[in-house]
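Participant: Handing you this structure, nothing more for now.
The values are calculated or read from the model by the stated rules, or taken from the named source; none is laboratory data. Quick caveat, the model's predicted, so the values are computed rather than measured. Note that we place each Cβ from the backbone using ideal geometry, even for glycine, and neighbour counts take in every protein chain shown. With ligands, DNA and RNA removed, areas are computed over all heavy atoms of the protein, side chains included. Shrake-Rupley method; radii C 1.70, N 1.55, O 1.52, S 1.80 Å.
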Amino acid sequence: MVTMYDRTPVPTMSYLKNIDHETDLQYTLEMCQWVLKPLGVWGLIYHRVSNVERVISILLVSSCLIGLLLIIVPSVHNIFFVEKNVQVKVKLIGPVGFCMFSTVKYCYMCGKRKLLSRCMRHVEKDWRTVDEQDHRAIMLKQAGISRHLITICMVFLYSGGMSYQVLMPFSSKQKHKLNVTDKPLAYPTFEFLDAQSSPTYEIVFLLQTFGAMIMYTATIAAYSLAATFVSHICGQIQIQILRLENLIDEHEGKNTFRQRLTVIVRDHVQVLRFSKDVDEALREICLSEIMASTYAMCLLEYYCLAEWRNSDTVAIVTYFMLLISCTFNVLIYCSVGEVLSDQCSRVGGASYNILWYNLPARKAYNFILLDVISLYPPKLTAGKIIELSINTFGAVVKTSVVYFNLLRTVTS
């Protein structure tokens, strides 16, 4: 397949440019840019940035990792060496584990910067070379879908996460012991710090809030990359299907049947290569997300039940919002994997449904390759271990419930 593509002359029409490609590209990548820039990842993966921006990105990455470690290190120390109450340990394991998984995803995004940069370049090339308004409309529609999904993810995760960080610690009445007010913190600190005195408390609280923002932004950033790339692939597949449907009906003008079919096969091969790059760039991130979601859903179900017994309305609402957010995230990851395979497999059906039987035999044979390729659609995987699909989402939910029941039995 690759050899045939490399030896095929590229028709001139593939170099026609979309004069609005800058605006269209900005619309497609805007949400990614918003969440990746504060993390410093945007300057590492996007090729059209200055050297100064790259240096700033490296400094931002260093600062963000330090902010995450300021939550993880004292919390892990507290869980294993300080805290003796099992219930308190279980309460801490959830948010600290989520922070660790977010750090892993963040590190993978930085480590996969070359592959992510290649994917960004491919998206930019597709926008620059789109040559028909109906094709451009398809791509804009898919970009709009990804933007809506990212927005929903941001609303749930930021609202639930920041409620846990800021609102929930202050929702209950402050405890007074010997006329000294306990100032609440979402995460524990080192014992040698007097976190109850000013300005130490204010500094620690701001640092933990900063780390929490990084944690949730990293999770949203990983999701935004997956949603943007997969929706773009779906748009390209829909364009190929539209070209196939119009292949025989169009009258041969300056572009013959062979030239039009060459464009379809060439672009389809490019989409398959892009799909492979996306899977390779995101497979570890997807595996981290599947593991984190199963882990978080199990603990959040337990937290909701525990706070229901305590009649703490604010805590119940906060944990429930986080549970919805985690469930939504893993559902969308699995859904985009399902949609990717489904869309790519539709190419074979589209090539079969056109009036190929009215063509000469030599021309009709050209559709066999497309039919065969569509039998093996690209897949989005988690660590090349788990295929992301709706069935995977069902398995994650079932597993979280099993672990929830086990946790409830152990801690009762």
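Participant: How large is ³J(HN,Hα), in whole Hz, for each residue of the range 281-292 in order, when computed from phi with the Karplus curve 6.51 cos²θ - 1.76 cosθ + 1.60 and θ = phi - 60°, using x for Gly and Pro?
Facilitator: So the J values, rounded to whole Hz, are 6, 10, 4, 5, 5, 5, 5, 4, 5, 4, 5, 5.
Participant: Taking R0 as 56 Å, what FRET efficiency do you get between Phe192 and Ser345 from their Cβ-Cβ distance, rounded to the nearest 0.05?
Facilitator: The formula returns an efficiency of 0.40 here.
Participant: Please compute the alpha carbon radius of gyration of the range 279-394, then divide it by the globular-protein estimate 2.2 N^0.38 Å. Two decimals is fine.
Facilitator: So the range 279-394 has a normalised radius of gyration of 1.62.
Participant: A further question on this structure: Report ³J(HN,Hα) in whole Hz for each residue of the range 41-49, in order, from the Karplus equation J = 6.51 cos²θ - 1.76 cosθ + 1.60 where θ = phi - 60°; Gly and Pro get x.
Facilitator: 7, 4, x, 8, 9, 9, 6, 9, 10
Participant: In whole Å, largest first, what are the principal axis extents of the Cα atoms in the range 80-124?
Facilitator: Extents along the principal axes, in whole Å: 53, 17, 7.
Participant: Give me the accessible area of Val263, 1.4 Å probe, in Å² rounded to the nearest 10.
Facilitator: 10 Å²
Participant: Also, quick follow-up: For the chain, modelled as a GNM with alpha-carbon contacts under 10 angstrom, which of Ile285, Ile66, Ile203 fluctuates the most?
Facilitator: Of Ile285, Ile66, Ile203, the most mobile in the Gaussian network model is Ile203.
Participant: Here's a follow-up. Using the alpha carbon gyration tensor of the range 60-144, what are the three equivalent-ellipsoid semi-axes (square root of 5 times each eigenvalue), largest first, in whole Å?
Facilitator: Value: 44, 16, 8 Å, ordered largest first.
Participant: So, one more: Answer rounded, prolate or oblate for the range 265-321, using the Cα gyration tensor with square roots of eigenvalues a ≥ b ≥ c: rounded when a/c is under 1.5, else prolate when a/b is larger than b/c, else oblate.
Facilitator: prolate
Participant: Follow-up. Working only with C-alpha atoms, what are the Rg and Dmax values of the range 55-109, expressed in angstrom?
Facilitator: Rg and Dmax of the range 55-109, Cα atoms, are 13.4, 45 Å.
Participant: Of Ile72, Leu36, Ala212, whose Cα points farthest to the positive end of the dipole of the chain (charges on the beta-carbon: +1 Lys, Arg; -1 Asp, Glu; origin at the Cα centre)?
Facilitator: Ile72
Participant: Also, quick follow-up: Just how many % of Cα pairs in the range 327-412 lie over 15 Å apart, if you round to the nearest whole percent?
Facilitator: 69 percent
Participant: Restricting things to Cα coordinates, could you compute the convex hull volume per residue of the range 5-152 in Å³?
Facilitator: 156 Å³
Participant: Using a Förster distance of 41 Å, how high is the FRET efficiency between Glu280 and Val82, based on the Cβ-Cβ distance and rounded to 0.05?
Facilitator: Taking R0 as 41 Å, the efficiency between Glu280 and Val82 is 0.50.
Participant: Shifting gears a bit: For the range 366-412, go through all pairs of different Cα atoms, get the mean of 1/r, take its inverse, and jot down that Kirkwood value in Å.
Facilitator: Kirkwood hydrodynamic radius for the range 366-412: 13.8 Å.
Participant: Work out, step by step, the length gained on full extension between Ala395 and Lys114: first 0.36 nm times the residue separation, then minus their alpha carbon distance; give nm to one decimal.
Facilitator: 97.9 nm
Participant: Just subtract the alpha-carbon distance of Arg121 and Phe170 from 0.36 nm times their residue separation and send over the number in nm, one decimal.
Facilitator: The Arg121-Phe170 span can extend by a further 13.0 nm.
Participant: Select from Leu323, Leu272, Ser163 the residue farthest towards the positive end of the dipole of the chain; place +1 on Cβ of Lys and Arg, -1 on Cβ of Asp and Glu, and compute about the Cα centre.
Facilitator: Toward the positive end, the furthest listed residue is Leu272.
Participant: Take the chain, connect every pair of alpha-carbon atoms lying under 10 Å apart with a spring to form a Gaussian network, then pick out the residue of Met31, Met215, Met162 with the largest mean-square fluctuation.
Facilitator: Met162
Participant: Mean-square fluctuation check for the chain, GNM, Cα pairs under 10 Å: which of Leu29, Leu39, Leu206 is largest?
Facilitator: Leu206
Participant: Counting other Cβ atoms within 10 Å, which trypsin sites (Lys or Arg not before Pro) in the range 188-295 have at most 15 and lie in a DSSP loop?
Facilitator: Here the sparse-neighbourhood loop sites are Lys254.
Participant: How large is ³J(HN,Hα), in whole Hz, for each residue of the range 51-66 in order, when computed from phi with the Karplus curve 6.51 cos²θ - 1.76 cosθ + 1.60 and θ = phi - 60°, using x for Gly and Pro?
Facilitator: In residue order, the calculated couplings are 5, 5, 5, 5, 5, 4, 5, 5, 5, 5, 4, 4, 5, 5, 5, 5 Hz.
Participant: Right, next: Beyond 28 Å, how much of the Cα-Cα pair distribution for the chain remains, as a whole percent?
Facilitator: Every Cα pair in the chain considered, those over 28 Å come to 54 percent.
Participant: Could you give the length gained on full extension between Gln270 and Ile152, defined as 0.36 nm per residue of separation minus the Cα-Cα distance, in nm?
Facilitator: Here the answer is 39.4 nm.
Participant: Rounding to the nearest 20 debye, state how big the charge dipole of the range 126-235 is about its Cα centre with +1 on each Lys and Arg Cβ and -1 on each Asp and Glu Cβ.
Facilitator: Result for the range 126-235 is approximately 340 debye, rounded to the nearest 20.
Participant: Would you mind working out the accessible area per residue for the chain, using a 1.4 Å probe, and quoting it in Å²?
Facilitator: Accessible surface, normalised per residue, equals 49 Å².
Participant: For the range 193-283, I need the span (max minus min coordinate) of the C-alpha atoms along each principal axis, in Å, sorted largest to smallest.
Facilitator: 81, 21, 17
Participant: With label points built 7 Å along Cα→Cβ from the Cα atoms of Gln133 and Leu369, find their separation and express it in nm.
Facilitator: Each label point lies 7 Å from its Cα, and together they span 3.3 nm.
Participant: Please list, ordered by chain and number, the residues whose modelled amide H lies under 5 Å from the amide H of Glu387; skip anything fewer than 5 residues away on the same chain.
Facilitator: Amide H neighbours of Glu387: Ala382.
Participant: Which value at 222 nm does the chain reach when only helices count, each DSSP H run of 4 or more adding -39,500 (n - 2.57), with the total divided by all residues and rounded to the nearest 500 deg cm²/dmol?
Facilitator: One gets -26000 deg cm²/dmol as the mean residue ellipticity at 222 nm.
Participant: Moving on. Mind putting a number on the dipole of the chain about its Cα centre? Charges go on the C-beta only, +1 for Lys and Arg and -1 for Asp and Glu, and I need it in Debye to the nearest 20.
Facilitator: About 560 debye.
Participant: Could you work out how far apart the two model spin labels at Ile385 and Leu359 are, taking each label as a point 7 Å from the Cα in the direction of the beta carbon, and quote it in nm?
Facilitator: 4.4 nm
Participant: How high is the FRET efficiency from Asn405 to Ile58, r the C-beta distance, R0 51 Å, rounded to 0.05?
Facilitator: Step by step, r from the Cβ atoms, then E = 0.65.
Participant: If eta is 1.002 mPa s and T is 20 °C, what Stokes-Einstein diffusion coefficient results for the range 225-350, Kirkwood Rh from Cα pairs, in µm²/s?
Facilitator: Rounded to a whole number, D works out at 122 µm²/s.
Participant: May I ask you to derive the relative contact order of the chain, considering only C-alpha pairs under 8 Å and at least 6 residues apart, and to give it as an integer percent?
Facilitator: Value for the chain: 21 percent.
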